[in-house]
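Here the structure is laid out as structure tokens; the discussion comes afterwards.
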Amino acid sequence: MSSSDLTARAVHLNSRLRGGGTDSQSLALAQGLTNLGWTIEMAGPAQAPLSSVAQKFPYHCLPRFRPVQILALAGVLRRTRARILHAHHGDDYWTALLASRLVSPRPLVVFSRHLAKSPRSPISQKHLFSSADAVVAVSSFVAQVLLQGHDDPASPVPERHHRPSCRIDPAKVHVIHTGIDTQRFQPQDPSFSSVARSKLSLAAKEFVFGVVGGFDLPVGKGQRIFLKAAQKVMRRLPKARFLLAGSGTMDSLLREDIRHLGLEERARLVGQQPDPLSLHHALDCLVHPQIATEAFPSVILEAHACGRPVIASQLDGIPEAWAIGGLGHLVSAGHPEELARAMILQAESPAPSATEQFEAHSRIQAQASLPVQATQMGNLYRRLMSQRGKPR
């Protein structure tokens with residue numbers, strides 16, 4: 001990076017910082033850019049679950065009332081003379097645009113789109129993304145939704161029925177995959193897995209399938225589909241066990257499904273696990289049975305980076321994430337019978353060899369790691385600044 005780039009400052013706007021995937025990804029990106037020599041400052045709420053984490057960067061507290069928040073952000077931009085204003089949540093896009101218009105020279109506005117959805121408002125569909133200087137889609141499928149829309153009228157999930165396209169110059173859309181920490185998520189020796197399994201009271205000879213993710217109503221990550229498939233799998237595989245890791249509003253519903261399907265001795269809700277690396281290595285196979293919208297699931301990247309096979313739904317951005325590691329199977333979404341067949345096939349097949357695990361990790365590291373994501377984002381920032389011209 002040249003000396004002029006070293007002085008480039010970007011403000012990342014995140015008015016939530018509640019702990020979801022977008023929040024953790026935005027913080028990881030900020031750290032990755034900082035590691036590359038960028039000056040990254042954060043703007044967000046004074047009190048939120050991740051505010052203290054964000055405050056390891058130069059941090060600007062913003063009020064929650066939106067009109068005042070816009071004025072406060074404009075003040076931050078004037079003081080910092082930021083070249084880039086980068087917003088990560090849909091709620092923050094208009095805030096970023098309006099604040100940037102109150103500042104001269106105006107900073108370049110970048111949106112990261114972490115959702116495979118279109119904005120609900122027709123005004124936003126027509127004007128929001130076209131007003132930004134660049135829109136970063138976390139997967140090619142997200143870019144497709146923005147540029148072309150997507151219809152799935154047969155889906156049982158209403159939000160999939162119609163996702164309209166947005167008015168935007170295709171040249172403004174840039175696909176940069178979400179990155180994961182491949183130094184943390186990597187294959188481990190068998191003794192590590194043994195310890196991880198013992199923490200969850202899993203026997204060595206049991207074949208353990210697991211779903212990792214939140215399960216808020218109405219459909220979570222497809223956990224109910226997983227349990228229906230588990231009922232079929234246990235008839236063929238008496239040593240199979242089924243874990244649901246995460247939390248959400250479907251807790252009582254899932255417990256009732258376990259009881260109704262006769263899975264009391266086979267399936268368990270294990271809550272939000274504090275150590276995702278240990279969790280991945282406790283599983284023999286990650287299952288991602290999503291039936292709702294999905295942009296680019298990091299949990300699949302994490303499992304593959306650990307050398308674990310993944311059985312996942314073939315919808316939205318899931319195949320794009322799965323194809324990088326390539327261990328396991330893709331199945332049609334919402335079909336317990338097909339999912340059960342894939343689970344049985346995986347359990348009756350040899351586990352990935354050490355070589356296959358290493359190769360999967362290497363592919364994730366080369367294509368979807370945090371340094372790769374930060375490098376690609378930094379390159380985008382430089383191109384945008386070059387097109388705008390040097391600061392006065």
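Shown is the FRET efficiency for THR249 and GLN148, computed with R0 = 30 Å from the Cβ-Cβ distance and rounded to the nearest 0.05: 0.35.
Taking 0.36 nm per residue of separation and subtracting the current Cα-Cα distance, fully stretching the chain between SER52 and ARG79 would add 7.5 nm.
Along its principal axes, the stretch 306-392 has C-alpha extents of 65, 32, 11 angstrom, given from the largest down. Peptides 214-226, 100-112 ordered by packing proxy, namely the average of other Cβ atoms within 10 Å per residue, highest first: 214-226, 100-112.
Toward the positive end of the charge dipole of the stretch 190-367, with +1 on the Cβ of Lys and Arg and -1 on the Cβ of Asp and Glu, the farthest Cα among ALA340, GLY222, LEU330 is that of ALA340. Please work out whether the chain counts as rounded, prolate or oblate from its C-alpha gyration tensor, where a ≥ b ≥ c are the square roots of the eigenvalues and a/c under 1.5 means rounded, while otherwise a/b larger than b/c means prolate and anything else oblate? Prolate is the answer for the chain, as a/c is 1.5 or above and a/b outweighs b/c.
Comparing ARG236, ARG83, ARG66 in a Gaussian network model of the chain, where Cα atoms under 10 Å apart are tied by springs, the biggest mean-square fluctuation is seen for ARG236.
Which of ARG255, ARG241 comes first, and how do the rest follow, when ranked by fewest Cβ neighbours within 10 Å?
Details: ARG255 15, ARG241 24.
Least to most surrounded, the residues fall as ARG255, ARG241.
Modelled label positions at ARG259 and GLN376, each set 7 Å beyond Cα in the direction of Cβ, lie 4.6 nm from each other. Arranged from fewest to most other beta-carbon atoms within 10 Å of their beta carbon, ASP23, ASP133, ASP151 become ASP151, ASP133, ASP23. Take the Cβ atoms of VAL157 and GLN367, set R0 to 30 Å, and the FRET efficiency comes out at 0.55.
Placing unit charges on the Cβ atoms only, positive for Lys and Arg and negative for Asp and Glu, gives the stretch 254-392 a dipole magnitude near 1100 debye about its Cα centre. Which residue fluctuates the most in the chain, going by a Gaussian network model with Cα springs under 10 Å, if the choices are LEU73, LEU253, LEU17? Sorting by GNM fluctuation, first place goes to LEU253. Taking Cα atoms only, the orientation of helix 90-100 departs from the longest principal axis of the chain by about 10 degrees. Summarising the label geometry, the points placed 7 Å from Cα in the beta-carbon direction at LEU269 and ALA354 lie 4.1 nm from one another. Taking the stretch 76-109 and a reference point 7 angstrom along Cα→Cβ of VAL68, the backbone N atoms nearer than 16 Å belong to 76.
Here, each number is a calculation from the coordinates, and none is a lab measurement. All values reported here derive from a predicted model rather than from experimental measurement. Cβ: placed from backbone, ideal geometry, glycine included. Neighbour counts: every protein chain shown.
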